[in-house]
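Input: a single structure, listed below in structure tokens.
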Amino acid sequence: MISQVFILSSKGDHLIYKDFRGGAGNDIVSIFYEKVTALTGDQPPVVMNHKDIYFVHIRQGGLYWVATTTAGSSPFTITEFLNRLAALVKDYCGSLSEKSVQMNFALIYELLDEIVDYGYIQTTSSDVLKNFIQTEAVTSRPFSLFDLSNVGLFGAETQQSKVAPSSAATRPIQSSREQGGKSEIFVDVIERMTVVIGSNGLLMKADVEGEIRVKCYMPSCSEMRIGLNEEFSIGKSQLRGYGAAVRVDECSFHQAVRLDEFDSHRILRLCPSQGEQTVMQYQLSDDLPSALPFRLFPTIERDNGGRLLMYMKLRCDLPPKSLSQELSSPDQSAELKPQSRAVVWKIARFAGGTQLSALFKLEVPSLSSASMLEVGPVGLSFELPKITATGLQIRFLRLSPIQPGPSQRWVRYVTHSDSYTIRI
Amino acid sequence: MFSSHRHDDLKEMLDSNKDSLKLEAMKRIVAMIARGKNASDLFPAVVKNVACKNIEVKKLVYVYLVRYAEEQQDLALLSISTFQRGLKDPNQLIRASALRVLSSIRVTIIVPIMMLAIKEAASDMSPYVRKTAAHAIPKLYSLDPEQKDQLIEVIEKLLADKTTLVAGSVVMAFEEVCPERIDLIHKNYRKLCNLLIDVEEWGQVVIINMLTRYARTQFLNPNINEGGSGDKTFYGSDEDEDEDEEEKEKKPYVMDPDHRLLLRNTKPLLQSRNAAVVMAVAQLYFHLAPKAEVGVIAKALVRLLRSHSEVQYVVLQNVATMSIKRRGMFEPYLKSFYIRSTDPTQIKVLKLEVLTNLANETNISTILREFQTYIKSMDKDFVAATIQAIGRCATNISEVRDTCLNGLVQLLSNRDELVVAESVVVIKKLLQMQPEKHSDIIKHMAKLTDNIQVPMARASILWLIGEYCEHVPKIAPDVLRKMAKSFTNEEDIVKLQIINLAAKLYLTNSKQTKLLTQYVLNLAKYDQNYDIRDRARFIRQLIVPTEKSGALSKYAKKLFLALKPAPVLESPFKDRDHFQLGSLSHLLNAKAGGYQELPDWPEAAPDPSVRNVEVKESVRAVGTVTHRDTGALWGPQRMEGSESCSFPRAVPQRGVFLQTIAPSSALKSYELLHRITGEGLSVEYCFSRQPFSPDANMVAVQMQFTNSASSDTKNLHIEDVKLQSGMRVKEFPEIELLPAGETATAVMGIDFCDSTQAANFQLCTHTRKFFVSIQPPVGELMRPVFLTENEFKKEQGQLMGMNEITEKLTLDVKCRNEHAIVQRVTTAANLSRVPCGSDKECRFAGRTVTSGSLVLVTVATKEEGAAQLTVNCEKMVIGTMLVKDILQALTQ
């Protein structure tokens, strides 16, 4: 049971406030904001309370999404609800930002009104909701050049966005239905790597979590078929043919996906509903088919002047893209962050098959041999466009019936580092 | 001034005749409400528009009304009549929304009107309206609790409803209004269990929680015979077979079949996409299932760890509690709880907690290696938590105590003071277990007093030295000497420990320390802190006997140097499981308002027969079908040899919604095989109009086999399917045995390719083969779709000319009202009703099952039974045949 829902900007401005059960004081929003900002640390607790009122909040799109409850209802229900609400607002308004929320007050209010009745969640299915929602979304200038710089691959901020069409994934789903806007469909394969490399250079742990997401702007798409690599296999026992199989340990599908052709041809069939959905999720642990993208060769020494010398050699083991790729050293910068006691080395671009090295000299007071042991670990964060760590590829993307008029199909791949740690 | 001027502007817009202006005004007003600004002075201008025809404006007016009606009661009453009219509207969506708004207006005068409206809506023919009625119940209850008895009657009535749409909402109302009336559930228990999988996901959560409570009052504790520790584990294989259950269980406890039903029907929901549903099932299994079966939830919970960090946080809290009680359950997933450098601190700390709980003799070396790397982290809180976790592992697992202790001692030379301090505190606790073995560590720590500045750590060291001064007889007095020197500059907790140390040394080694002790006590006597002054006075009286001091000083040694029990390092989650898992109270570890404690199992099971329901034969047959259907669905979809590959059960949410919104009508059954030709075996089939879940492009055909022969029929299956090109058949799973006199049902799917061509095949038993064929009426080749009035008109506009067929007809005498027309059309064809403003027209919509082409039907009535039937369909053959069938249905 939810008493109130409100959305706050990161600065504490009231964007949306809706009271479902009445009887709460007006200052409740400011009480929450005070509580949330009073706490230090990287993340305040999900549930906080003020007298009898419990605040449950999440952060998405730089906004606070808060629900309050008085009676003991499950915190799962509320966090899940807030996540769904944020996803729905994103689908309906096109993107999730302070600006888009501000421009769509009426729409979001109507959504909230349909989703929650007197504090009870009625439905969050966008297929049901589209029958009731009347208000049109307002979008900011859709094709402005200004937006080009910060448009991301949905769900993942990426520099790759310059390749994808600019207004790509930040359109509201409903307007496309009415205006007969461009028919587009985006299929993204997003993978996140968690890697731990031991101090001896051996791989200790490697996990890949991946998902295939579809964002659909096709008003009349009855069925789409996504073909994966034919040699794709699940679990350890199945091995198909010879050569490099694309294997994952575990795999789960969206409920709308039909799998009758999956066994034989590795084809996912689904009727995508408008908006964004995760079609398939998969995991692979410990047994990556290809070499790790980055290797680090560190040397840590003490020089005669009592300075700490860190010599880092970083190699990118991805296949070199082309010969014409510029090999001169890309823009690099390094900075010492005293409060976190870390050196941050930034590399803007790193071509496959090349190597970079850096030498850091640090003045450390009273450097002893014991303190040498405290150096490390090295954490890498990166983003690899057009590459999947598991080797999963989309063979084809077919829509039926054949779309009338121009339609565009986009397939994008990206691999992120979730946590890529190299111990020293 | 400015704002009142702007409001005038809005009022003007609201009074205009143009809908676009009104809409613009309403949007601005709603934006004001959304930002929490006061817009109440516009009430009269807004309320006038409540009857506005434009649906967009109307909805925004409703939003406004609900917000301000309580403040402007008199004016709000003006709008009531509009809603009362709305309650009678032929369109179910309008009826529902009128009821929703009416029940949201918190004005006490209209309570009787609300009560009446709710009662009427509870017997509405549309399930969507009944669902709204269920939602209105708690609203009325909070407005006027005196209506409780009447409301319970409505709840009782709605609980008996058989549609999935209503089930979730009415249970919500039940939980809010009368959770104590558990007796209302008895008769509906089995139905709720069976419907559960098709209920809307938020409804599932509420129902599962309610059923958990119900089961705790009605069934016996399945673990009653196991008692005590029982660390027996069951490594979550998904294929535990319920059939074996009875054999395995050799103890006298026999599980109530209804208890089993609940466990079986909730298990597939562990695959749900909704974290709240997964957690609800997980807590149900944790609280209700036999120990051996609880393991299945571990995998689902671990899967949730890949969700948003907020969800992770809540999941880990629950996993931490569970991992204490049932450690074996999560052991296979140990690696999933390893910490990532990107996790927020609170998640790191929770993961540590889980890892610590999971540690045992076999995995401790891996875990400790993991912990060692965590200590290097930059996150100080996390490092401190890690050191404490190491301490807890050391206390729990005696084999590694020395290793841990050595590791912690090494940390004492760490450059980071916080690390050292935390280590000292933990070492102190560990040493208390076996001090005699570790006097060298105590010596080492004594040296640290020169360097460590963290008060808690200093205090710990001093306490250790004092407590075990006999093991370090030479060093202890020296430490006291140093401390006496710095006494005045120490923190309070350190000062207290210095006094303690002095007292203890005085008692054991008074020759060397007498003067020092006196000195310290004198310093303490003039301290600013009264605790310290008091302590000094107290100790002086106790250890330095004077004539005034009483008998106590004789026991000073016993008082100070008594053997102290080693502290037990416990998980903070140890006793959390007395709160229901997944509840807010559990998360906060404190009783939250409105928390209902999970009842204890009863000593003896209450009468199970209360749940028996008289069922008519036909209904029961359908019940078994759904069950079989689920089984079939799980069977073929599971991949060979890969347990790890999980498919969420296809819960066709859209399908459910549509199907329940379409008026249900009796299903016509056809004969497939006559009793005489079949030599005792007769088969009937009907088109069940349920979505055929393995393949949505197939029409579901439900078959009922009756064996009226005197011998059993075996191996009923289909062979030799002869089809026109393009058609496909999904056979029903073989029925292995049909005993004489019994009836069985099965569902098969046929893709007719949107044609009425027959599907021919052989029905085989273990002895005979029969040629049979199924030919569908054209009306069964479609499935209902939900369209709004506008969408219907738009689509119809695109299907004109060749695609439109119109016929004039005279309606049958019995078929001149709207209800009868709807009834007959939906019986003839599987279509759903489209809401419509005019009462002269009935509209229906559907899509053909294979190609998904739209089928639109309009019946417009005129005077004296004259009517016009229009069918729009891009497939002309289907259109023509459908016209024929509907004509026949309406004229006879």
*What's the average, rounded to a whole number, of partner chain beta-carbon atoms within 10 Å of each residue's beta-carbon in B:582-593?*
5
*asked:* For B:Gln518, project a label point 7 Å along Cα to C-beta. Then give me every residue of the range B:459-490 with its amide nitrogen under 17 Å of that point.
replied: B:481, B:484-485
*Kindly write out, for the range B:738-753 in residue order, the coupling ³J(HN,Hα) from the Karplus curve 6.51 cos²θ - 1.76 cosθ + 1.60 (θ = phi - 60°), rounded to whole Hz, with x marking Gly and Pro.*
10, x, 4, x, 9, 10, 9, 10, 8, 10, 10, x, 10, 9, 7, 6
_Residue-averaged beta-carbon neighbours from other chains (10 angstrom radius) around B:370-378_ = 3
*Lys/Arg Cβ at +1, Asp/Glu Cβ at -1, dipole of the range B:671-747 taken about the Cα centre: which of B:Thr713, B:Asn697, B:Thr743 is farthest positive-ward?*
B:Asn697
*asked:* Translational diffusion coefficient of the range B:380-423 at 4 °C, 1.567 mPa s, Stokes-Einstein with Kirkwood Rh over Cα pairs, in µm²/s as a whole number.
replied: 124
*B:Asp89-B:Lys574 FRET efficiency (beta carbon distance; Förster radius 51 Å; 0.05 resolution)*: 0.30
*Rounded D (µm²/s) - the range B:1-61, Kirkwood Rh over Cα pairs, Stokes-Einstein at 4 °C, 1.567 mPa s*: 113
*Report the relative contact order of chain B, percent, no decimals, based on alpha-carbon pairs under 8 angstrom and at least 6 residues apart.*
7
*What's the FRET efficiency of B:Cys764 with B:Arg816 using the Cβ-Cβ distance as r and R₀ = 51 Å, to the nearest 0.05?*
0.55
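Looking at this model, which pairs from B:Lys437/B:Lys564; B:Lys157/B:Lys591; B:Lys793/B:Lys875; B:Lys794/B:Lys875; A:Lys130/B:Lys884; B:Lys27/B:Lys53 are more than 23 angstrom apart at the alpha-carbon?
B:Lys157/B:Lys591; A:Lys130/B:Lys884, as the Cα separations exceed 23 Å there.
Taking 0.36 nm per residue of separation and subtracting the Cα-Cα distance, what length does fully extending B:Gln150 through B:Lys722 add?
Net length gain for the segment: 200.0 nm.
Assuming 0.36 nm per residue, please report the length gained on full extension of the stretch B:Arg415 to B:Gln868 beyond their Cα-Cα distance.
On the way: separation 453, 0.36 × 453 = 163.08 nm, distance 9.14 nm.
Extending this stretch completely gives an extra 153.9 nm.
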*Work out the FRET efficiency for B:Lys793 and B:Arg675 from their Cβ-Cβ distance, taking R0 = 51 Å, and round it to the nearest 0.05.*
0.50
*When the Karplus curve 6.51 cos²θ - 1.76 cosθ + 1.60 is applied with θ = phi - 60°, which whole-Hz ³J(HN,Hα) does each residue of the range B:565-575 get, with x for Gly and Pro?*
x, 5, x, 9, 8, 10, 6, x, 9, 4, 9
*For n ≥ 4 DSSP H runs only, could you compute -39500 (n - 2.57) per run for chain B, divide by its residues and tell me the 222 nm figure to the nearest 500?*
-15500 deg cm²/dmol
*Ellipsoid semi-axes in whole angstrom, largest first, where each is sqrt(5λ) of the Cα gyration tensor of the range B:297-434*: 26, 18, 11
*Could you state how much accessible area B:Trp463 has, in square angstrom rounded to the nearest 10, with a 1.4 Å probe and all protein chains kept in place?*
40
*Distance violations [Cα-Cα > 24 Å] among B:Lys348/B:Lys443; B:Lys514/B:Lys554; B:Lys428/B:Lys495*: B:Lys348/B:Lys443
*Pull up all non-local amide H partners of A:Val279: gap of 5 or more, or a different chain, and H-to-H distance under 5 Å with H placed in the peptide plane.*
A:Ile212, A:Arg213, A:Val214
*Show B:His7, B:His444 ordered by accessible area, largest first, where the area counts protein heavy atoms only and the probe is 1.4 Å.*
B:His444, B:His7
*Between B:Ser609 and B:Thr488, 0.36 nm times their residue separation minus their Cα-Cα distance comes to what?*
35.8 nm
*Keeping every protein chain in place, order B:Val420, B:Val454 by accessible area at 1.4 Å, biggest value first, i.e. largest first.*
B:Val454, B:Val420
*Accessible surface of A:Tyr420 - all protein chains present, 1.4 Å probe, nearest 10 Å²*: 0
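Averaging over every viewing direction, what projected area does the convex hull of the Cα atoms of the range B:310-363 cover, in nm²? Let's see the in-between values first.
Values: hull surface 14.2 nm².
Its average projected convex-hull area is 3.6 nm².
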_Using θ = phi - 60° and Karplus 6.51 cos²θ - 1.76 cosθ + 1.60, couplings along the range B:343-354 (whole Hz; Gly, Pro as x)_ = 5, x, 3, 4, 6, 4, 5, 5, 5, 4, 4, 5
*Given labels modelled 7 Å from the Cα in the Cβ direction, how far is it in nm from A:Val375 to B:Asp839?*
8.8
*Taking the alpha carbon gyration tensor of chain B, what are the square roots of 5 times its eigenvalues, largest first, to the nearest whole Å?*
71, 38, 24
*Hey, could you pull the Cα Rg and Dmax for the range B:489-570, both in Å?*
13.5, 46
_Among B:Cys842, B:Gly797, B:Gln218 the positive-end extreme of the charge dipole of chain B (Cβ point charges)_ = B:Gln218
_7 Å from Cα along Cα→Cβ at both B:Thr806 and A:Phe396: what's the point-to-point distance in nm?_
4.5
*When N counts the residues of the range B:746-873, how does its alpha-carbon radius of gyration compare numerically with 2.2 N^0.38 Å, as a ratio?*
1.28
*Please report, largest first and rounded to whole Å, the three semi-axes of the ellipsoid equivalent to the range B:678-734, where each semi-axis is the square root of five times an eigenvalue of the C-alpha gyration tensor.*
25, 14, 10
_What does the structure give for B:340-349 when I average, per residue, the other chain Cβ atoms found within 10 Å of the residue Cβ?_
5
*For B:Lys511 paired with A:Ser222, estimate the spin-label separation in nm (one decimal), with each label point 7 Å from Cα along the Cα-to-Cβ line.*
10.5
*Across the protein assembly as shown, how large is the tail of the calculated P(r) beyond 43 Å, expressed as a percent of all Cα pairs?*
53
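The values are calculated or read from the model by the stated rules, or taken from the named source; none is laboratory data. Note that this is a predicted model, so its numbers are computed, not measured. Heads up, the Cβs are rebuilt from the backbone with ideal geometry, glycines too, and the neighbour counts pull from every protein chain shown. For accessibility, only protein heavy atoms count, side chains too; no ligands or nucleic acids. Shrake-Rupley method; radii C 1.70, N 1.55, O 1.52, S 1.80 Å.
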